[in-house]
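Heads up: the structure comes next, in structure tokens.
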Amino acid sequence: VSFEPEAGNFPVFTRDSSGSLPTAEQYRSLVGRHVSELPTPSLIIDPTILESNVSRMALSMGELGVALRPHWKASKCIPVGRAQLAAGAVGLTCATAAEVEALVTSGVRSIFWAYPPVGPQRVRLAVTANQFAEVIVGGDNADMLRSLSEAASASEVTVPVRIAVDTGLGRTGVRPELAAALAREVSALPSIDFRGIYTHEGHVQAQGPDAELREKTATAAGALMVEVAETIRRSGVPVTDVSVGSTPGGAITAAVPGITEARPGTYVYGDDNQVSLGTVLDTQCAAFVLARVVSTERGETTIIDAGIKAMSSDGSMRGDNRIGTIVAPVEGVVFAGHEEHGFARGISSLSNGDLVRIRPNHACGLSNMHSHAFVVDGDRVTDVWPIVGRH
Ligand SMILES: Cc1ncc(COP(=O)(O)O)c(C=O)c1O
């Protein structure tokens, strides 16, 4: 995998994916400063925890002999993707057109676009991007993949394809019993290189904090994928890739013999929902929102400058409606949020201007709310990373 930005003339069809760069550049002068000098609210990353998350997952998948292709939407930071690749990931996974553009222009050479190629813009990008990198495309319907095949043929490009299988999440994906028929159709399409199947076993998370139940669900999803792959092979169509992916399913789904690839994303930062499930330890969370107390006029309720625009409005799995959990300097809960205001309890000992660190509910939503992340090692700002490919 090359990290050099070779694709300088890569055409960009959606919003400029590096549009946030100037913002990050503007904050470079803060590198070397104390964390208290940062503007708030800010997304801050602990590099030591991040590095250990990156290597732990790489090691875990390496031990299983399963290729790791992390979902990059959790960070949308090129340095994070590079660290994941350097630790042994075979490539990265993404969901949006903007993410594909950001990764291709950054020189990432193997990408899985785990999203149906529907609409002229996505079809065009799937074809064009494959002139610069390997961009495997996911889909669950013969007609949508026929349109992709026609566009690929017109440009004399071959597009690698995996078909999505629904193993229980009930989102996209063909029903397992229909996968072989679809695979036969897709593998016969011109300019399409049928690679195999994928699923996102996101329903593992919905099983809640019962580890046994999660394990059963995660294993069942992997076993179903292997069974579907076997059925497709028996029908005469070769299957190379049997790809699964989620943080709660993690190494459990990946450990099912026959799974070839795993695509966890959230693990890289961790978040409060994973902590509440028990799939990530609080000590393994690398991403926080740094916020300030801005009003103490409401008695036990303290107002901070991080609302849903800093945290995202992704729900909590703790059964309350919190938008985040305050972890320092005292423990508290951001129990509600307006756009720029958070309503916190448990921190009434603090004064206006005091800093708090918040562990947000969901890392992926969090990253999408910010145009840059500050790397904070101890109390020092050590870097500013642009967050690219937003929206
Ligand atoms: C297709 C796909 N693969 C992998 C993942 C990564 O899952 P997680 O965020 O649980 O790590 C996601 C997350 O939404 C996804 O949609």
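The values are calculated or read from the model by the stated rules, or taken from the named source; none is laboratory data. All values derive from a computational prediction rather than experimental measurement. Methodologically, a virtual Cβ is constructed for each residue, glycine included, from the backbone with ideal geometry; neighbour enumeration extends over all protein chains shown. Side chains included, ligands, DNA and RNA excluded: accessible areas come from the protein's heavy atoms. Shrake-Rupley method; radii C 1.70, N 1.55, O 1.52, S 1.80 Å.
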_Karplus 3J(HN,Hα) series, Hz, for region 86-96 with 6.51 cos²θ - 1.76 cosθ + 1.60 (x for Gly, Pro)_ = 5, 7, x, 4, 7, x, 10, 10, 8, 10, 10
_With θ taken as phi - 60° and the coefficients 6.51, -1.76 and 1.60, list the Karplus ³J(HN,Hα) couplings across region 383-391 in order, rounded to whole Hz; mark glycine and proline as x._
6, 10, 10, x, 9, 10, x, 6, 6
_the chain - mean residue ellipticity at 222 nm from DSSP helices (-39,500 (n - 2.57) per run, n ≥ 4, rounded to 500)_ = -9000 deg cm²/dmol
_Distant-in-sequence amide H partners of ALA328 (H built 1.01 Å from N, under 5 Å)_ = ARG357
*asked:* For region 27-157, what does the accessible surface come to per residue with a 1.4 Å probe? Please give it in Å².
replied: 35 Å²
*Carbon plus sulfur fraction of accessible area for the chain, probe 1.4 Å, in percent*: 51 percent
*Pop the C-beta distance of ALA211 and VAL330 into the FRET formula with R0 = 30 Å and round what comes out to the nearest 0.05.*
0.50
_Gained length - ASP282 relative to HIS34, 0.36 nm times residue gap less alpha-carbon distance_ = 86.9 nm
*Long-range HN-HN contacts of ASP377 with modeled amide H, under 5 Å*: THR382
_Please list, in order along region 49-60, the HN-Hα scalar couplings obtained from phi with the Karplus expression 6.51 cos²θ - 1.76 cosθ + 1.60 (θ = phi - 60°), rounded to whole Hz, x for Gly and Pro._
5, 4, 4, 6, 4, 4, 6, 4, 5, 4, 5, 4
*Separation of the THR48 and SER349 label points, Cα + 7 Å toward Cβ, nm*: 2.4 nm
*asked:* What is the sum of charges, Lys and Arg at +1 and Asp and Glu at -1, for the other residues whose Cβ falls under 15 Å from the Cβ of VAL186?
replied: -1
_As an exercise, find the ratio Rg/Rh for the chain from alpha-carbon atoms, using the Kirkwood inverse-distance average for Rh._
0.99
*Percent relative contact order of the chain, based on C-alpha pairs within less than 8 angstrom and at least six residues apart?*
22 percent
*Stretch gain in nm, segment SER235-ARG318, where the contour uses 0.36 nm per residue and the Cα spacing is subtracted*: 25.4 nm
*asked:* Straight-line reach only, C-alpha to C-alpha below 22 angstrom: list the lysines that LYS309 could link to, leaving out same-chain residues fewer than 8 apart.
replied: LYS73, LYS76
*Around LEU85, what is the net charge, scoring Lys/Arg as +1 and Asp/Glu as -1 over all other residues with Cβ under 11 Å from its Cβ?*
+3
*Taking amide hydrogens as modeled 1.01 Å from N in the peptide plane, which residues meet the under 5 Å criterion relative to ASP193, leaving out close sequence neighbours?*
VAL159, VAL161
*Taking the Cβ of TRP72 as the center, what net charge do the other residues with Cβ under 13 Å away carry, scoring Lys and Arg +1 and Asp and Glu -1?*
+4
*Which value, in Å², gives the accessible area per residue of region 256-391 when a 1.4 Å probe is used on the protein heavy atoms?*
38 Å²
